[in-house]
Amino acid sequence: MTHADAEKLPFQTIGIVGCGLIGCSIAAALKSRGFPGQIVGSGRPGPNLDRALARKLIDRAEPNLAAAAQACDLIVICTPVDRIVEDVRTAAQAARPGTLITDVGSVKDVVCESVRGLDAGVTFIGSHPIAGSEKQGCLHADAELLSGHVCVLTPLAETPRDKVARLTAFWQALGMSVVEMSPETHDQALAQTSHAPHVVAAALAASLDEANRSLTARGFRDTTRIAASDPELWSGILLANADEVAAGLRSVSARLHEFLQALDARERARLRKLLELAKENRDGLGPNSGNKHHGNE
């Protein structure tokens, strides 16, 4: 989709709940693409909400979520995973019939099941724009943060298809490609591609001796970059998808055990085979896979 598609979005007022990195990047993308409607920012009073208003990423700041929800026909919940369900319910209770609510969390099953069957004709559809950064806050918002990345939608069997089409158009207007999958399938996949890798990066960073910090170079820093993300945020993500993350870590642990066995036995051929498999999988991600930060989480 082109920038002109944002001008044709079937929404008059879009609410961004949680004006941090992702929320403000969504607002910035809408503004840069000429969205003609209003953007209402909601969240705790403080620097993020103030910056969003000062940078003109939002047209109005409304700390009260219920008051913000009353004005919107699309509400995007950009709060931490362990707050999403409560925020969806609060917004739904105040919203007008026909309002569409989505989120940006990286765990979907527990959220979608917890808010199933909202009253008053309000529809919730889970979203996960797979883009982000280890950086935090509105200060680092980027209108192109989402562009070129994938957004997963997790509609349920009873979700109206016209609502799915409207939400698909929204993410496509921000430059994203959209795929659909079940909440369960999403969580299984993200445990392998995001959540377990985060734990591995954290474990590697945590194992570094303080005396060796000055000896780290780009390899170590690239490998552990995501370990710099917000620990409180990631604690919520990992616990919300605990079973699938644990399964992913067991798979990684099995591979590590193979490396250990090859090293203990001094088996060069076996070690080379493991490294070749790793290279093949990494090369298969494509030439641009490392150009943008990922980690939404």
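What follows is calculated from the coordinates using simple rules that are stated; it is not laboratory data. Owing to the predicted nature of the structure, the values given are computational and were not obtained by experimental measurement. Ideal geometry is used to build each Cβ from the backbone, glycine not excepted, and the neighbour counts take in all protein chains shown.
Taking the number of Cβ atoms within 10 Å of each Cβ as an exposure proxy, the fewest-first ranking of E258, E210 is E210, E258. Taking the helices alone, the chain has a mean residue ellipticity at 222 nm of -14000 deg cm²/dmol, built from -39,500 (n - 2.57) per DSSP H run of at least 4 residues and averaged over all its residues.
Straight-distance candidates among the lysines for linking to K135, with alpha-carbon spacing under 22 Å and chain neighbours fewer than 8 residues away dropped: K31, K56, K292. Computed on the stretch 10-181, with alpha-carbon pairs under 8 angstrom and 6+ residues apart, the relative contact order is 23 percent.
Under a Gaussian network description of the chain, with springs only between Cα atoms under 10 Å, the residue in V111, V179, V76 that fluctuates furthest is V179. How large is log10 of I(q)/I(0) for the stretch 10-181 at q = 0.16, 0.18 Å⁻¹ when the intensity is taken from the Debye formula with one equal scatterer per alpha-carbon? Each listed q maps to, in turn, -0.85, -1.12. Applied to the stretch 138-147, the Karplus parametrisation 6.51 cos²θ - 1.76 cosθ + 1.60 on θ = phi - 60° returns per-residue 3J(HN,Hα) values of 4, 4, 9, 4, 9, 4, 10, 4, 8, 4 Hz, with x for Gly and Pro. Within the chain, the cysteines lacking any other cysteine Cβ closer than 4.7 Å to their own Cβ are C19, C72, C78, C112, C151. Amide H contacts for V178 (H built 1.01 Å from N in the peptide plane; partners 5 or more residues away or on another chain; cut-off under 5 Å): C151.
Computed over the stretch 186-283, the range of Cα coordinates on each principal axis works out to 41, 36, 25 Å, biggest value leading. The phi-based Karplus calculation (6.51 cos²θ - 1.76 cosθ + 1.60; θ = phi - 60°) puts the 3J(HN,Hα) values of the stretch 52-57 at 4, 6, 5, 7, 6, 7 Hz, whole numbers, x for Gly and Pro.
Note that the stretch 216-222 has calculated 3J(HN,Hα) couplings of 7, 10, 4, x, 5, 5, 5 Hz, one per residue in order, obtained from phi through the Karplus relation 6.51 cos²θ - 1.76 cosθ + 1.60 (θ = phi - 60°); glycine and proline are x. Rounded to the nearest 10 degrees, the inclination of helix 21-32 to the longest alpha-carbon principal axis of the chain is 50 degrees.
Can you give the extra length, in nm with one decimal, that the chain gains between A66 and L256 once fully stretched, where that is 0.36 nm per residue apart less the Cα-Cα distance? Present the calculation step by step, with values, prior to reporting the outcome.
On the way: separation 190, 0.36 × 190 = 68.40 nm, distance 4.89 nm.
Full-extension gain reported as 63.5 nm.
Using a Gaussian network model of the chain in which every pair of alpha carbons under 10 angstrom is joined by a spring, one finds that among N212, N241, N48 the greatest mean-square fluctuation is at N212.
Which whole number in µm²/s is D for the chain by Stokes-Einstein, with the Kirkwood Rh taken over Cα pairs at 10 °C and 1.306 mPa s?
Numbers: Rh = 20.3 Å.
For the chosen part, D equals 78 µm²/s.
Sorting H140, H257, H198, H128 by the number of Cβ atoms found within 10 Å of their own Cβ, with the fewest placed first, yields H257, H140, H198, H128.
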